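As structure tokens, the structure follows; a few thoughts come after it.
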Amino acid sequence: MRVSPFNIQQQAESTERKIVVALERIATAFRVLLWQESKETALSPIQIQILIFLLFHSSEKCKVSYLAQEFNMTKATISDSVKILLEKKLIKKTDDLADTRSYTIELTHAGKKTAEKSSNFAFAIEKPLTSLTNEQKETMLSGLLTLIHQLNKAGIITIQRMCFTCAHYQNSKAGHYCTLLQSRLVANELRVDCPEHTLA
Ligand code: SF4
């Protein structure tokens, strides 16, 4: 039988397996919180995630094809959600003048209000993190960024806008450096989702 992080005995013998199971619990917490938000807004979890994404990202990313990659879903699934959000008048479409088959999605006033309210759905996870020391938070952030980078390289997580995958990022003995900001980045300044990210 193969070693499994969910085998309680084998899990107890390995820090990596305990981390895998801990991350699974946290993923469950995200799902639960998103479903709670879903009940309150009468929107599906992916519809809520689309609204939150539109609220915080530039218009060139607010297209069906980009959203499909962002959420690792098919364009057809994203298009279905977009259709419902249009019917509910939470978003509107603007035609792309350069490509007649493409359009940009924007929040309406009502959509902005819903997105702003829903964007706090993960606060229950953020709150306990404030009780950690700065050192603990930096170690956790650094470990998670490395994990996300590896999952991205393995093709499991698709789009990334983090420092480690950015053309402006340099890592040397002196530490992390951003050539765009022309500044050294200390551990807690590394970005998970940077608007200036340029794929390396
Ligand atoms: S541009 Fe943003 S993502 Fe890229 S290295 Fe600088 S801070 Fe990091």
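The values are calculated or read from the model by the stated rules, or taken from the named source; none is laboratory data. Small disclaimer: the values here were computed from a predicted structure and weren't measured. Every residue, glycine among them, receives a Cβ derived from its backbone with ideal geometry; neighbour counts consider all protein chains shown.
Looking only at residues of segment 172-191 that are farther than 11 Å from L145 by Cβ and assigned to a loop (DSSP other than H, G, I, E, B), we find that the one that is farthest from the ligand (Cβ to nearest atom) is K173.
Within segment 7-26, track down each residue that is closer than 21 Å to G143 by Cα, hydrophobic (A, V, I, L, M, F, W, C) and more than 25 Å from the chain's Cα centre (by Cα). Scanning segment 7-26 gives a single hit, A12.
Look at (1) buried (at least 16 other Cβ atoms within 10 Å of the Cβ); (2) in the same structural domain as H57 (by TED's automatic domain parsing) and you find that C166 fails only one, number (2). Check whether at least one residue in segment 177-190 is under 15 Å from Q69 (Cα atoms), surrounded by fewer than 17 Cβ atoms within 10 Å (Cβ to Cβ) and touching a residue at least 40 places away in the same chain (Cβ under 8 Å), and report yes or no. No, segment 177-190 contains no residue that is under 15 Å from Q69 (Cα atoms), surrounded by fewer than 17 Cβ atoms within 10 Å (Cβ to Cβ) and touching a residue at least 40 places away in the same chain (Cβ under 8 Å).
Being under 25 Å from L55 (Cβ atoms) and either in a loop (DSSP other than H, G, I, E, B) or not assigned by TED's automatic domain parsing to the domain that holds L55 (or both) is a condition met by at least one residue of segment 80-88. Considering the conditions (1) within 25 Å of the chain's Cα centre (by Cα); (2) at pLDDT below 95, V3 is excluded by exactly one of them, (1). Scan segment 148-175 for residues that are touching a residue at least 12 places away in the same chain (Cβ under 8 Å), under 27 Å from V20 (Cα atoms) and of a type outside the set (V, I, T) and the total you get is 8. Any residue at all in segment 151-163 that is within 13 Å of the ligand (Cβ to nearest atom), over 15 Å from the mean Cα position of the chain (by Cα) and assigned to a strand (DSSP E or B)? Within segment 151-163, none of the residues are within 13 Å of the ligand (Cβ to nearest atom), over 15 Å from the mean Cα position of the chain (by Cα) and assigned to a strand (DSSP E or B). Of all residues in segment 66-76, those satisfying the criterion of being farther than 19 Å from E37 by Cβ and surrounded by 12 or more Cβ atoms within 10 Å (Cβ to Cβ) are Y66, A68, Q69, K75.
Residues in segment 95-113: is at least one surrounded by 13 or more Cβ atoms within 10 Å (Cβ to Cβ), basic (K, R), in the same structural domain as K61 (by TED's automatic domain parsing) and in contact (Cβ under 8 Å) with a residue 24 or more places away in the chain? Scanning segment 95-113 turns up at least one residue that is surrounded by 13 or more Cβ atoms within 10 Å (Cβ to Cβ), basic (K, R), in the same structural domain as K61 (by TED's automatic domain parsing) and in contact (Cβ under 8 Å) with a residue 24 or more places away in the chain. Residues in segment 24-49 that are within 22 Å of I148 (Cβ to Cβ) and in contact (Cβ under 8 Å) with a residue 40 or more places away in the chain: 6 in all.
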